[in-house]
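Notes follow once the structure below has been shown.
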Amino acid sequence: MLLQGQNMRFFALPGPPSGLISPSTSPTRPTRVLHSRSGEQLTILTGGPITQIYNCRVLRSHKLEHDNVWFQDGRIINPTSLYGLRNPDSRIDARGLIVAPGLVDVQLNGAFGYDFSYNKSDIVACLNAVSRGVLLQGCTSFCPTTVSSKPETYHSVLPHLGRRPGSLINGAESLGAHVEGPFMNPKKKGAHEVSCLRAAPNGLADFDECYGLENLRNYVTYMTVAPEVDGVLD
């Protein structure tokens, strides 16, 4: 994402894996007001360490340009306010590589020969392989997604598909499981097995029985259901 404003133009990297760049939880960043020798008032960032990525290429106006990217506390910052006042605390040589936004995939059923709904016996190896593989393709965070399945499948795999930080070892960040179905309309089932689809005549009790209450509380981030199915909105 290219951000532009008055006297400001820099490249932003939203959605990085938390093990690589942790997003700031603070809505504001501490600043300090200084005055230059000419009397000009300057507002500079204080706060945490500043990192500069140099010798990199960023996308501007549909063209790749050589530039630097500076960030602090997980946020891209405008370095022009720091010139002559503060140097970066660390520098990363990108060696001419492209610095670009990380992709976020909220519906990933599997990849590289693995499937989150079918690799029940080796679900940890499945998550590791997919996480590391998609990171190499530019995806920095994703939701491991299951298709409509029987309750025993959810009870087996969901405890392993919760949130997990991203890192060079883990790969892309897991944002938590996305359960697709089985509370879906058989007339609009798509690729889902009709034998796995069901209604929820007992309301939330059926959801708890299907997925497992603790799994819903601790590991599930997204849910795809059909609101017209009996009991789903109860």
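Any read-out appearing in this document is the output of simple, stated calculations on the displayed coordinates, not a laboratory observation. The structure displayed is predicted, hence computed values, not measured ones. Heads up, the Cβs are rebuilt from the backbone with ideal geometry, glycines too, and the neighbour counts pull from every protein chain shown.
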- Item | Cα-based equivalent ellipsoid, segment 90-144: semi-axes from gyration tensor eigenvalues, Å | 28, 12, 8
- D115 paired with A94, simple spin-label distance in nm, labels 7 Å along Cα-to-beta-carbon: 3.9
- Query: What is the sum of charges around A111, taking Lys and Arg as +1, Asp and Glu as -1, for the other residues whose C-beta is under 15 Å from the C-beta of A111?
  - Reply: -2
- What trypsin sites (Lys or Arg not before Pro) in segment 71-171 are in a loop by DSSP, with at most 13 other Cβ atoms within 10 Å of the Cβ? R95
- Query: Going highest first, how would you order 100-109, 175-184 by mean Cβ packing within 10 Å?
  - Reply: 175-184, 100-109
- Item | Loop-resident sites, segment 87-173, for chymotrypsin sites (Phe, Trp or Tyr not before Pro), counting at most 15 other Cβ within 10 Å (DSSP) | F112
- Excluding residues fewer than 8 places away in the same chain, name every one of the aspartates and glutamates whose C-alpha is closer than 20 Å to that of K188. E180, E228, D230
- Taking amide hydrogens as modeled 1.01 Å from N in the peptide plane, which residues meet the under 5 Å criterion relative to R60, leaving out close sequence neighbours? E65
- Message: Quick check for you: which residues of segment 74-107 have the amide N under 12 Å from the point 7 Å beyond the Cα of T224 toward its beta carbon?
- Response: 106-107
